[in-house]
Amino acid sequence: MNVKPHAKDVYKKFSHVEGNQHIASEYALYTVLRLVDTFKIESVLEVGLGIGSIADTILSYAKANDKSIRYVGTEANEFCLTQLPINLHDNFTDIRVENNLRDVKPNNDFDLIVVDGTDAQIGKVHEYCSDHAIIYIEGHRGSQVNVIREALPNAVECFIASDYKNPDYGPFPATNWAGGGTAIFVNPTAAQRTFVLKEKASTKLKYIKRKLS
Ligand SMILES: C[S@@+](CC[C@H](N)C(=O)[O-])C[C@H]1O[C@@H](n2cnc3c(N)ncnc32)[C@H](O)[C@@H]1O
């Protein structure tokens, strides 16, 4: 499956639902899906399910590709909790929803942790990571990145930036860049190190392109 059109379809769908002002950007959906696809992710923990755009992207991708992905997410906001089953339809039955990280209970077995919200235990996110886990922190959340990084002495990381502006069919201003986020590889394999090197070079080029445009 080509991950780009899939991310676009889900973004379009969520652009028209109630509460769309906090959904992940189309670029964020594409980036998490690229990580899932490239590194054969089998389990995901999402901090801040919101109204479910990231979860729906990953779970519908898994279904379309006959893959099984275990999905646990945290959310405490009442509005979001009522919207999740509405927005995710059948995919909602594949998510375990907990109030916060403490309720998930650390188990060192998630391959991908997506941070798109807040949690008092964010500094303990490493306790939820499998051996070669990836932590993707959406947007420019410098303080969260710093807290998470502190507990991961072997980690390597890269910022993954967009090189285009928000599409006009979404809820975000079409004058703004479509976002980006930080990927931290907690105990990188050779393939993950190569990915980081390539992304760093790519992000540099994208920033040059941004400046020139
Ligand atoms: C950036 S949002 C998370 C978005 C989420 N990953 C998604 O795909 O929809 C971060 C937090 O904002 C809150 N939130 C999201 N949408 C909201 C809404 N429409 N109204 C109130 N709070 C919202 C939730 O508590 C959520 O955990």
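The values are calculated or read from the model by the stated rules, or taken from the named source; none is laboratory data. As the structure is a prediction and not an experimental result, all values here were calculated from the model. When we count neighbours, we look across all protein chains shown, and the Cβ atoms used for this are built from the backbone with ideal geometry, even at glycine.
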Notebook entry, point to check: assigned to a loop (DSSP other than H, G, I, E, B) and of a type outside the set (Asp, Glu), is that true of ASN108?
Noted result: yes
Item checked: Residue list for the stretch 43-53, filter: within 10 Å of the ligand (Cβ to nearest atom) and under 12 Å from ILE95 (Cα atoms) -> GLU46, LEU49, GLY52
Next item on the list: Scan the stretch 58-85 for residues that are more than 8 Å from the ligand (Cβ to nearest atom), in a helix (DSSP H, G or I) and polar (S, T, N, Q) and jot them down.
Entry: SER60, THR82
Check: List pairs: first in the stretch 43-63 and under 23 Å from ASP109 (Cβ atoms) and of a type in the set (Asp, Glu), second within 8 Å of the ligand (Cβ to nearest atom) and assigned to a loop (DSSP other than H, G, I, E, B), Cβ under 8 Å, 6+ apart or cross-chain?
Finding: GLU46/ASP116
Next item on the list: May I ask you to list the residues in the stretch 145-171 that are modelled with pLDDT under 95 and touching a strand residue (DSSP E or B) at 6+ places or on another chain (Cβ under 7 Å)?
Entry: ALA161, SER162, LYS165
Next item on the list: Can you tell me which residue among ASP90, ASP103 is more than 16 Å from the ligand (Cβ to nearest atom), part of a helix (DSSP H, G or I), surrounded by fewer than 21 Cβ atoms within 10 Å (Cβ to Cβ) and over 17 Å from the mean Cα position of the chain (by Cα)?
Entry: ASP90
Checklist line | the stretch 175-201 - residue that is closer than 20 Å to GLU26 by Cα, among the hydrophobic types (A, V, I, L, M, F, W, C) and part of a strand (DSSP E or B) and, of those, modelled with the lowest pLDDT | finding: TRP177
Check: Does ILE51 meet the test of being in contact with a helix residue (DSSP H, G or I) (Cβ under 9 Å, 6 or more places away or on another chain) and outside any helix (DSSP H, G or I)?
Finding: yes
Item checked: Looking only at the stretch 14-24, and only at residues there that are over 10 Å from the mean Cα position of the chain (by Cα) and near the ligand (Cβ under 10 Å from one of its atoms), the one that is nearest to VAL3 (Cα to Cα) -> PHE14
Next item on the list: Look at the stretch 15-40 and say how many of its residues are touching a residue at least 40 places away in the same chain (Cβ under 8 Å), more than 15 Å from ASP168 (Cβ to Cβ) and assigned to a helix (DSSP H, G or I).
Entry: 7
Check: Quick one: is VAL97 within 12 Å of the ligand (Cβ to nearest atom), in contact with a Leu (Cβ under 8 Å, 6 or more places away or on another chain) and touching a residue at least 40 places away in the same chain (Cβ under 8 Å)?
Finding: yes
Next item on the list: Inspect all residues belonging to the stretch 38-52 and state whether any of them is surrounded by 21 or more Cβ atoms within 10 Å (Cβ to Cβ) and farther than 25 Å from VAL186 by Cβ.
Entry: yes
Next item on the list: Can you confirm whether the stretch 115-130 contains a residue that is in a loop (DSSP other than H, G, I, E, B), aliphatic (A, V, I, L, M) and within 15 Å of the ligand (Cβ to nearest atom)?
Entry: yes
Check: Among (1) free of Cβ contacts under 8 Å to residues at least 40 places away in the same chain; (2) buried (at least 20 other Cβ atoms within 10 Å of the Cβ), which single condition is VAL115 missing?
Finding: (1)
Item checked: Failed condition for ALA174, given (1) in contact (Cβ under 8 Å) with a residue 12 or more places away in the chain; (2) more than 17 Å from the chain's Cα centre (by Cα) -> (1)
